[in-house]
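Only one structure is covered here, and it is reproduced in the block below.
The values are calculated or read from the model by the stated rules, or taken from the named source; none is laboratory data. Here the structure is a predicted model, which is why all the values come from computation and not from measurement. Here the Cβ positions follow ideal geometry from the backbone for every residue, glycine too, while neighbour counts run over all protein chains shown.
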Amino acid sequence: MSRNLLHTEFDSIAALRNALQGRKVSAREVAVSALDAAHAHAGLNAFLQIDPELTLAQAQAADKLLDAGQATPLTGIPIAHKDVFVTQGWRTTAASKMLGSYVSPFDATVVGKLLQAGTVSIGKLNCDEFAMGSGNENSAFGPTKNPWDHSAVPGGSSGGSAAAVAAGLVLAATGTDTGGSVRQPAALCGVSGIKPTYGTVSRYGMIAYGSSLDQAGPIARHARDLLDLLDTMSGFDPRDSTSLETCDGAQNIPGRMRADFEGAIKVQNASGALPLQGLRIGVPTEFFNAGLASDVADAVEAALKIFESLGAVRVSISLPRTELSIPTYYVIAPAEASSNLSRYDGVRYGHRAAQYHDLAEMTSRSRTEGFGPEVLRRIMVGTYVLSHGYYDAYYLQAQRVRRMIVNDFQQAFTNQCDVIMGPVTPTVAKHIGDNREDPTADWLADVYTLGVSLAGLPAMSIPCGFGSPARPLPIGLQIIGNYFNEGQLLAIADRFQQVTDWHQRKPGQQ
Ligand code: GLN
């Protein structure tokens, strides 16, 4: 097997960019190395499709830009897309049999923006079917494995994205986060990931799950790399009705995030004192409940101490509806999913049953055959909570609680703290197949990520340690910001990563 460049000399976008722009290595050489690595690690089942011809054509275009001195910060960088972003040329399956052979006639806005910036796509990444799940076990094409321990899940739903970055198959990957699906797999695979404020990144061409929650975000090793990616991905898009035109007074345009990031670093440097002097970190008591495993609690605690040593102060806060975020989310998300997924009727596109007697039977058979058990479960729950007689009791009630959750966060940010920190997951990655008997057990493990999604806030996960010797798997620290503070979050994470090396650890090298 050839040497994997992304696992050795170029393990960050910043490092590879220098080499590419200095023409020490070509985009083609990097792409070939990434394709070889993806092939060598096929056992991870991180990729659902690889097409060397398409990849090498993109690499050639990137080399042209680099030769002409017209490169952007991302030109020639090997990335890959979660298979819920539609892509011209590649299939887009949402890891579902329903879309098993679907090829989109257009690129999702996120895909188009990254392509325009000169990134080179290595392929389409495995995920939970229609992004529903927390372990990547709900893929119709088999689970993705955690590169740190092949018997463990990589997290979900963006499991292929986090696994591919952790294994060094790509330097970055796109993911989507409806209730935690960027932060949670990033945490369980020991890489960094950010979900921006709802409305910052266009949802156009992103296969819909829960439209009022869905938001795209990048996964990479370093917070600084996330900045380059998110800055490129974000921006107002008239084709998404919930895309924001302005963000906290500033226009929602690419470049905004970088300005905020650099502004935050400048303020930190100018303070003359410690880099994060006076930063108030809210630590919610509800995040340290009985369900939190002690190895995760210890790693998060140690990370908080590091922040204190950088000048931050810790404030105890309360997010009293943390536990209620689970039933609230698992009413609203399935309700929206049941509506979004009604378009898969076997008529327009997607799987169509081979045998049927009439139109109604064709639709029902196509859906029964095309959707997996978790997706069917969500459609049933969603249809039930929206039905006449139950709408007020469940859906409307959940919307009321959602508003209270929003208010709880605003109360904390207005009166007590600048950012909130805590765990991402209650435990390290579980074994593949662990919760097979009880599908709702996975739902409970989303307790620390769902509230943020319901509130539409930006949040990230960065590596902060490993589990107990019995299961020494990666642990993530969650950093939650107020609306539009992505740049500040990334700057804070970057400070942490300057004094720690958790994000640089690699499977097989620990
Ligand atoms: N685990 C959550 C769910 O299954 C979140 C998934 C997501 O963020 N896409 O819905």
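The table below gives the values:
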{"read-out": "Every pair of residues 6+ apart whose Cβ atoms lie under 9 Å, when the first sits in region 116-134 and is closer than 26 Å to residue 326 by Cβ while the second is in a strand (DSSP E or B) and away from the ligand (no atom under 16 Å from the Cβ)", "value": "126/47; 126/48; 127/48"}
{"read-out": "All positions within region 73-92 that are polar (S, T, N, Q) and either part of a loop (DSSP other than H, G, I, E, B) or on the phi > 0 side of the Ramachandran plot (or both)", "value": "75, 87, 92"}
{"read-out": "Matching entry among 254, 185, 218, 238 (being buried (at least 24 other Cβ atoms within 10 Å of the Cβ) and not in a strand (DSSP E or B))", "value": "185"}
{"read-out": "Cβ pairs under 8 Å, 6+ apart, first in region 320-334 and closer than 18 Å to residue 211 by Cβ, second hydroxyl-bearing (Ser, Thr, Tyr) and away from the ligand (no atom under 12 Å from the Cβ)", "value": "331/394; 331/395; 332/212; 332/395"}
{"read-out": "Evaluation of residue 59 against (1) buried (at least 24 other Cβ atoms within 10 Å of the Cβ); (2) within 16 Å of the ligand (Cβ to nearest atom) (one fails), failing number", "value": "(2)"}
{"read-out": "Qualifying residue in region 112-123 (condition: within 13 Å of the ligand (Cβ to nearest atom), among the hydroxyl-bearing types (Ser, Thr, Tyr) and either crowded, with 24+ Cβ neighbours inside 10 Å or outside any helix (DSSP H, G or I) (or both))", "value": "no"}
{"read-out": "Subset of region 457-487 [in a loop (DSSP other than H, G, I, E, B) and more than 15 Å from residue 412 (Cβ to Cβ)]", "value": "467, 468, 469, 470, 471, 472, 473, 484"}
{"read-out": "Residue that is surrounded by the fewest Cβ atoms within 10 Å (Cβ to Cβ) [pool: residues in region 431-455 that are more than 13 Å from the ligand (Cβ to nearest atom) and of a type outside the set (A, V, I, L, M)]", "value": "437"}
{"read-out": "Contacts under 7 angstrom Cβ, first residue in region 431-454 being within 20 Å of residue 284 (Cβ to Cβ), partner assigned to a helix (DSSP H, G or I) and away from the ligand (no atom under 12 Å from the Cβ), 6 or more apart", "value": "448/287; 451/405; 454/328; 454/402; 454/405"}
{"read-out": "Flag for residue 28 being in contact (Cβ under 8 Å) with a residue 60 or more places away in the chain and either assigned to a helix (DSSP H, G or I) or under 24 Å from the mean Cα position of the chain (by Cα) (or both)", "value": "no"}
{"read-out": "Qualifying residue in region 406-422 (condition: surrounded by fewer than 21 Cβ atoms within 10 Å (Cβ to Cβ), in contact with a strand residue (DSSP E or B) (Cβ under 7 Å, 6 or more places away or on another chain) and under 22 Å from residue 133 (Cβ atoms))", "value": "no"}
{"read-out": "Out of 182, 191, sole residue that is within 13 Å of the ligand (Cβ to nearest atom) and touching a residue at least 12 places away in the same chain (Cβ under 8 Å)", "value": "182"}
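To keep it simple, each residue is scored yes or no on (1) at pLDDT 95 or above; (2) within 16 Å of the ligand (Cβ to nearest atom); (3) touching a strand residue (DSSP E or B) at 6+ places or on another chain (Cβ under 9 Å); (4) among the aliphatic types (A, V, I, L, M).
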residue: 213; (1), (2), (3), (4): yes, yes, yes, yes
residue: 220; (1), (2), (3), (4): yes, no, yes, yes
residue: 238; (1), (2), (3), (4): yes, no, no, no
residue: 246; (1), (2), (3), (4): no, no, no, no
residue: 257; (1), (2), (3), (4): no, no, yes, yes
